[in-house]
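Take a look at the structure set out below.
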Amino acid sequence: MSVVVIVGTQWGDEGKGKITDYYAERSDHIVRFQGGNNAGHTIELEEEKFKLHLLPSGILRNDKKAVIGNGTVVDPKVLLEEINNLEKRGVDTSNLVLSDRAALIMPYHRAMDELEENLKGNLKAGTTKKGIGPCYSDKVARFGIRVIDLYNPGSLRDKLETIVPIKNKIFEAFGEDKSWDVERLHQKYTDYGKKLKDYVDDVSVLLDNAIDNDEDILFEGAQGTHLDIDHGVYPYTTSSHTTAAGASLGSGIGPINIDSVIGIMKAYTSRVGTGPFPAELEDEIADYIREKGGEYGTTTGRPRRVGWLDLVMVRYSSRVNSLTELAVTNVDVLSGLDEIKVCTGYRHEGKKIKEFPADIERIYDYEPVYETFQGWEEQDWDTIAEKGYSALPENVKEYLEYIEESIEVPITHISIGPKRHQTIAR
Ligand code: IMP
């Protein structure tokens, strides 16, 4: 039995989907524990490309359970669309399990996301506008609707009768021409409930039984450590616990059940949304990496900001997640550059700074300190994938081994292309 958690060590989009899919092969349960359809995972099977937002990557393997835990926020409209799209492409989704305790995204959450972003000025995080933040706010304020409410029509109506007039007043106060009708929402959401009923279960009990039966569980993190609501670059974060401890909270298993935590790290850094980014590049190297790496948001299509690998960020991730392994992705994307830099720390007023500050505004005054490496040419990555680690160019190995020593976590997987087989297990 093994319980493995996969987390992003940067700002999301580290290529977790592919590595998750690789581990999913060895797992019985693949669990999403936080976030919602703000995530975007692209999985390329040999012939086909799948873009998933809310569904766990395990959905593509119908001998595994694909589980959506209580720590997620679920937009039922989006979930049903994703299910229908996969079914149309011949994917059997009967292996999906949806937690009865997951919070539901309501249409007023999406509208509130938009309104709040417009009102926030410099505090704007550049959200995906999917209603994630407002849904988590309502959950914590004990003002939310959960999956289980869809199966208690009386209680759902009571809740909507209390909540909806308040939401409508807020929109009216801001001069927004938006309002929701309790009866229509009730109708719509009980209808979603009927369509989702067969998937709904108690995820904590399901996973507890799986642990008792020595089954393998994989927790699939979405976003990245530096977007965590507590440990990220607050307030330019998402609203959930993207770090490893979130796997326990967001699924209902105790933390001592977790055996290993794999951090996914892109060979450089990327970021969508606003906020500080110390090793950011804004020159032709940025354009080169962005185009070569297809650095455009899977969910919003926005061009991603890109920069050199920042080891301060990854060391921080190693600490807050208790990383036991690192998987490095997009190594192939850096091919063709003469030099590759790595940010090893920052400098401010003559002092070297090794830790990310809590007051993230200070980062704007920090100057990144770089170590420079020799680049490598474009390679026949398929042949290298077949031969394994030793076939990698010496400059790639030097780069990877420097990272490994600096983070003090072994690199166990190296991804050298988007396809499933283009991964080296070391
Ligand atoms: P929200 O999660 O939509 O509320 O957005 C909050 C912040 O997290 C914004 O900066 C988003 O761009 C960022 N974000 C949310 N989901 C992802 C993701 O899957 N990858 C990268 N950034 C994300």
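Just so you know, all these numbers are worked out from the coordinates, no wet-lab data involved. Keep in mind the model is a prediction, meaning the values are calculated, not measured. Cβ sites come from the backbone with ideal geometry, for glycine too, and all protein chains shown count toward neighbours.
Using the Cα gyration tensor of the range 165-251, with a ≥ b ≥ c the square roots of its eigenvalues, what is the shape: rounded (a/c below 1.5), prolate (a/b larger than b/c) or oblate (neither)? Verdict is oblate for the range 165-251. The chain gives an Rg/Rh value of 0.98, both radii derived from C-alpha positions and Rh following Kirkwood. Working from the pairwise distances between different alpha carbons, so that the mean of 1/r is found and then inverted, what is the range 226-326's Kirkwood radius in Å? That comes to 15.0 Å for the range 226-326. Amide hydrogen proximity for Ile424: with H placed 1.01 Å from N in the peptide plane, the residues at 5 or more positions away or on another chain lying under 5 Å are Ile414, Ser415, Ile416.
Other residues lying with their Cβ under 14 Å from the Cβ of Asp338 contribute a combined charge of -4, Lys and Arg counting +1, Asp and Glu -1. Counting Lys +1, Arg +1, Asp -1, Glu -1, what net charge surrounds Thr372 among other residues with beta carbon under 12 Å of its beta carbon? For residues surrounding Thr372, the net value is -3. Charges were assigned to the Cβ only: +1 to each Lys and Arg, -1 to each Asp and Glu. The resulting dipole of the range 103-198 about its Cα centre is roughly 320 debye.
Note on the range 372-426: Rg/Rh from Cα positions, Kirkwood definition for Rh, rounded to two decimals, is 0.96.
Taking the average, over residues, of other Cβ atoms within 10 Å as the packing measure, peptides 72-78, 109-115 rank 72-78, 109-115 from highest down.
Here, the range 249-289 is characterised by an Rg to Rh ratio of 1.21, where Rg is the alpha-carbon radius of gyration and Rh the Kirkwood radius. Computed over neighbours whose Cβ is under 10 Å from that of Asp202, the net charge equals -2, Lys and Arg +1, Asp and Glu -1. Spatial offset of the range 119-184 relative to the range 334-411 amounts to 43 Å, using the alpha carbon center of each. The charge dipole of the chain, taken about the Cα centre with unit charges on the Cβ atoms of Lys, Arg (+1) and Asp, Glu (-1), comes to about 1360 debye, rounded to the nearest 20. Scanning residues 5 or more positions from Gly8 or on other chains, those with amide H under 5 Å from its amide H are Thr225, Ile264, with H placed 1.01 Å from N in the peptide plane. Computed over the range 1-132, the P(r) curve from all C-alpha pair distances, binned at 10 Å from the origin, holds 12, 41, 34, 12, 2 percent per bin. Note on the range 103-198: Kirkwood radius taken over Cα pairs, Stokes-Einstein applied at 4 °C and 1.567 mPa s, translational D equal to 92 µm² s⁻¹. For Val369, nonlocal amide neighbours, meaning residues 5 or more places apart or on other chains whose placed amide H falls under 5 Å from its own, are Thr344, Gly345, Tyr346, Arg347. Rounded to the nearest 500, the 222 nm mean residue ellipticity of the chain from helices alone is -10000 deg cm²/dmol, with -39,500 (n - 2.57) taken per DSSP H run of at least 4 residues. Its Kirkwood hydrodynamic radius, worked out from the mean inverse distance over all distinct Cα pairs, puts the range 1-42 at 11.4 Å.
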